[in-house]
Structure formats: C-alpha cells, structure tokens
C-alpha cells in the first residue's frame, strides 16, 4: 500500500493544510493557530478553568502551560482564582483576547462555509459519519 493510500496519511495531510491556512490568517493578527484554538475554547463570559482547556483541545496540560503564559504576556488572557474552588484558576479573555476570539471564530466560519459550498451535503454527511467511526475505533482501542 502506498503512503498516499493510507487513511492516516490523508487525514494528516489535510489537517496540516488546514493548520497552515489558519496560521497564515492568525499571523496577520499577531497570533498562531494554537492560540486561536485556545481563545475559541475559553468561555467569553464566565472564563474557563485552566485544567479544562487542554482536554478541550486534545492536548496534555504541560503543552498548554507555556502557551497560556505567552498569551498572558501578549495581553490576550488573564487568570483569576475560581471563587467556587480556591485551588482552581479560571482563564478569562481580555478585550484583546475577545477580539482575537471574534477573528478566529469568523475565520473558522468562513472556512466551513467555503467547504459547504464546494462539497455536496450528502458527501459531507458521509465524511462526518466516517470520521466519527474512525474516532470511535481509535477510542475503543480494539485496533491492535
């Protein structure tokens, strides 16, 4: 089987293309794709517990720590102790972070609209069905 014929290769190549496309947009707003995903995963009103952000993005918390510090230095986010749990910290968006979230959201919407215009809805339904099944297969750990 050629590399180009494998499912994982196609998913990886597609994701890398999407990531690069998003990064080109993010760089115009002094951000990165990863930072854009973070601001999209922070509740714009109530903030989000720091410990919940990494799982929402499919990351290890160690990977997120440096990025949150960088985002705080850039003025995108700030931290506050959770009033309901003194051991926990909530991450909130600053005004700049709210703007980055708006831009990120619009970028994601534009991409999805372009895809939906270019690909028939029945084919997208099949795509979502297949990708969901692949994720279930991976989660079930019954592959190997």
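Does residue 75 count as at pLDDT 95 or above and closer than 25 Å to residue 30 by Cα? Lay out the reasoning, then the answer.
Values: at pLDDT 95 or above: yes; closer than 25 Å to residue 30 by Cα: yes.
Criteria met by residue 75.
Under 7 Å between Cβ atoms, at least 6 apart or on separate chains: pull out the pairs that start in the range 1-15 with a residue that is under 19 Å from residue 143 (Cβ atoms) and end on any residue that is surrounded by 11 or more Cβ atoms within 10 Å (Cβ to Cβ) and modelled with pLDDT of 95 or more.
none
Residue by residue, here is whether (1) loosely packed, with under 11 Cβ neighbours inside 10 Å; (2) in a loop (DSSP other than H, G, I, E, B); (3) modelled with pLDDT of 95 or more holds:
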| position | (1), (2), (3) |
| --- | --- |
| 90 | no, no, no |
| 100 | no, no, yes |
| 107 | no, no, yes |
| 116 | no, no, yes |
| 124 | no, no, yes |
| 127 | no, no, yes |
| 131 | no, no, yes |
| 138 | yes, no, no |
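So which of 123, 141 is at positive phi and out of contact with any helix residue (DSSP H, G or I) (no Cβ under 6 Å at 6 or more places or on another chain)?
Details: 123 fails: at positive phi.
Going through 123, 141 in turn, the sole match is 141.
So residue 62 passes all but one of these: (1) at pLDDT below 90; (2) outside any helix (DSSP H, G or I); (3) under 30 Å from residue 138 (Cα atoms). Which condition number does it fail?
(2)
Output the qualifying pairs, or none if there are none: Cβ atoms under 9 angstrom, residues six or more apart or on different chains, first residue in the range 115-130 and without any contact (Cβ under 8 Å) to a residue 60 or more places away in the chain, second residue in a loop (DSSP other than H, G, I, E, B) and surrounded by 11 or more Cβ atoms within 10 Å (Cβ to Cβ).
Listed by first residue and then by second, the contacts come to 127/119.
Out of everything in the range 20-52 that is assigned to a helix (DSSP H, G or I) and within 10 Å of the chain's Cα centre (by Cα), what residue ends up being surrounded by the fewest Cβ atoms within 10 Å (Cβ to Cβ)?
By that ranking, first place goes to 40.
The values are calculated or read from the model by the stated rules, or taken from the named source; none is laboratory data. The structure displayed is predicted, hence computed values, not measured ones. No Cβ is skipped: glycine too gets one built from the backbone with ideal geometry, and neighbour counts run over all protein chains shown.
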